[in-house]
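Heads up, the thing below is written out as structure tokens.
Just so it is clear, none of the values below were taken in a lab; they were calculated from the coordinates. These numbers were taken from a predicted model, which means no experiment stands behind them. Here the Cβ positions follow ideal geometry from the backbone for every residue, glycine too, while neighbour counts run over all protein chains shown.
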Amino acid sequence: MTSPRPVALITGASAGLVREFAIQLARAGYDLVLVARDEARLAALGLELLAEHGAGSEVLRADLSIDDDVDRVVERIDRSPIDLLVNNAGFGTKRTLANTSRAAQDAMVRIHVLAANRLAQAAVQGMVPRGRGVVINVSSIASWLSSRGNVNYNATKAWQRAFIESLALEVEGTGVYVQALCPGYTHTEFHARLEVDKARIPGFMWMRAEDLVAESLRAVRHKRPVVVVPGAGYRVLVLIIRFMPRWVWRMLVNMRRGGRRSGALSAGSSIVD
């Protein structure tokens, strides 16, 4: 793909946040490199972006839990440096660590941490010498939480946020901007595939994917803040959680769950595609 347009590489399934990032970036003048396991869905999205926004697209089939596939994406970045990276691929679980698949938990850590690190490093190594570029890690409100049934989800999302906060210090003054996007409940396939009962969650807590992505890209244009929490209500929630004693949080979680019900606020990245 040769074009004078800037190039954005986005990881994750072709619905939800990936679709919104692709549409809004194409509308802003970007060509796209779309990375996920479902090549046919990505190709269909690429044709839509070309027809509606004149954006070129490149489809790269990859399972980011597999090292060889991550190697191919890193090689693509090294071969032709990108201007914007969205690390969105990932998935959530609902079971405790004691009764869930070991392979699934390994895959989560590989996608959320190892792959996200390798792609971000490859991107930044091309961006810093050029004095421009953007890296967005789609983290989650869950990065500030702890709960049963989401041990590695919460932990890896916290890693994604902390990674960006430290990386921001390293790239300060280079012209490169990095962001940790931390959504709450969002209308995407993520919660549908987890079979979340939306009726149990107040309507005001749900955000539209298009609004969430617009807020992220607005921060990109202004180059601030580093951690983006879409929605005023969620920003207040994060402020409360950050200063709440952990024993109070554990008590609230136990009261809400009655000792049994799975109840993590896990939102943000797309379910594994």
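Things to note:
- The largest-to-smallest principal axis extents of the Cα set in the stretch 7-257 are 51, 39, 33 Å.
- Whole-Hz couplings from phi, Karplus 6.51/-1.76/1.60, listed for the stretch 86-96; x for Gly and Pro: 10, 7, 10, 4, x, 7, x, 10, 10, 9, 6
- Given R0 = 30 Å, the distance between the Cβ atoms of residue 155 and residue 205 translates into a calculated FRET efficiency of 0.85.
- C-alpha long axis of helix 16-27 to longest principal axis of the chain, angle in °: 30
- A cut-off of 5 Å between modelled amide H atoms, ignoring neighbours fewer than 5 places along the same chain, links residue 86 with 9, 10, 11, 136.
- Taking each residue as 0.36 nm, the span from residue 240 to residue 61 lengthens on full extension beyond its C-alpha to C-alpha distance by 60.4 nm.
- With Cα atoms, 0 to 90° folded angle of helix 232-243 axis to the chain main axis: 60
- Once each of the trypsin sites (Lys or Arg not before Pro) sitting in a DSSP loop with at most 15 other beta-carbon atoms within 10 Å is removed, the chain keeps 1-94 as its longest stretch.
- Loop-located GluC sites (Glu not before Pro) in the stretch 27-133, at most 12 other Cβ atoms within 10 Å (DSSP): none
- Value of relative contact order over the stretch 1-106, rounded to a whole percent, pairs C-alpha under 8 Å and six or more apart: 31
- Here is the P(r) of the stretch 12-90: all C-alpha pair distances, binned every 5 Å from 0, give 3, 17, 28, 26, 19, 6, 1 in whole percents.
- Length-normalised contact order of the stretch 7-257 in % [C-alpha pairs under 8 Å, at least 6 apart]: 17
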